[in-house]
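Structure first, then comments.
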C-alpha cells in the first residue's frame, strides 16, 4: 500500500521535472451527460505526451541507477516517458516494445535517444525480453505499473487535481495496466469502485 504522504514526497522530488498540467471544465451535454459539468485533467500536455512521465521521473530520481542505465517494456507511452526522463537525466535507456507498437511511438522513443528493440507480438513478449536484459546486464527495470515508484508518480495526478478542483465527487479514470487508477485511488483513499464499459469508476 502507498500513502498520501509518500505521494506528496514523490511530488516534491519530481515537481521541477514535470509539467503541472491544466484542467478544463466542459459542459457534460457535449458528451451526452446532460446534468453535469465535467473537469478534465489534460495529461496529454505532460512531457512525452502522457501521465507516465511522472512515474518515470519518480523511478529515476528516487532509486539508485546503475551505470548501465535503465530498461523498460512498453506498448508505447511508458517507453516514451522512460526514454524522455532518461534523456533529461542523461541516463542510458533501453526500451523493448512489441511489433504492434505504433510507428509514432517508436519514432518518439528513438528521438529521445533510447535504444529501442522490437521484441515479439505482445507486451508480454517485450516484458520477458526486458527481464532477460536485466538479468544479463544489471540494468534497472522501470515497470509500467507494477512498481511502487511508478504508482507514486502516477498518484501525483490526483494531488494536482484535488488542488485544482477541490469539489470533485466522482472520478472517471481510464484503466490499462492499472498504475494510474492505483495511484489516484491511493491519494483519495478510495475503495468502492465499479467497472463500467472499460473504465474503472470510483466514488470518493
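Where a number appears in this text, it was derived from the coordinates with a stated rule and is not lab data. Given the structure is predicted, the values throughout are model-derived calculations rather than measurements. Here the Cβ positions follow ideal geometry from the backbone for every residue, glycine too, while neighbour counts run over all protein chains shown.
Would you work out the Kirkwood radius for the stretch 63-141? I mean one over the mean of 1/r across all pairs of different Cα atoms, in Å.
After inverting the mean inverse Cα-Cα distance, the result is 12.0 Å.
If you stretched the chain out fully between residue 19 and residue 165, how much longer would it get, using 0.36 nm times the residue separation minus the C-alpha to C-alpha distance?
50.8 nm
For residue 89 and residue 128, compute 0.36 nm times the residue count separating them, minus their Cα-Cα distance, and round to one decimal in nm. Don't skip to the answer; put the middle values down first.
Values: separation 39, 0.36 × 39 = 14.04 nm, distance 2.57 nm.
Roughly 11.5 nm would be gained on extension.
When ranked by the protection proxy of mean other Cβ atoms within 10 Å per residue, highest first, what sequence do the peptides 92-100, 20-28, 139-147, 53-61 form?
Peptide ranking by packing, descending: 53-61, 92-100, 139-147, 20-28.
Can you give the convex hull volume per residue for the Cα atoms of the chain, as a whole number of Å³?
Once divided by residue count, the hull of the chain is 125 Å³.
Between residue 175 and residue 1, what is the FRET efficiency for a Förster distance of 25 Å, r being their Cβ-Cβ separation, to the nearest 0.05? Please list the in-between numbers first.
Values: r = 19 Å, r/R0 = 0.75.
FRET efficiency, residue 175 to residue 1: 0.85.
Calculate, in nm to one decimal, what residue 8 and residue 33 gain on full extension: separation in residues at 0.36 nm each, minus their alpha carbon distance.
Working: separation 25, 0.36 × 25 = 9.00 nm, distance 3.31 nm.
Taking 0.36 nm per residue and subtracting the Cα distance, the gain is 5.7 nm.
For helix 4-14, what angle does its Cα long axis make with the longest principal axis of the chain, in degrees from 0 to 90 and rounded to 10?
For 4-14 against the chain, the angle is about 60 degrees.
Quote the relative contact order of the chain in percent (integer), defining contacts as alpha-carbon pairs under 8 Å separated by 6+ residues.
20 percent
PRE reach from residue 26 (point 7 Å along Cα→Cβ): which of the stretch 134-178 fall under 16 Å by backbone N?
172-174
Would you please state which residues of the stretch 65-98 a label at residue 104 would reach in this model, taking the label point 7 Å out along Cα→Cβ and a backbone N cut-off of under 19 Å?
74-84, 97-98
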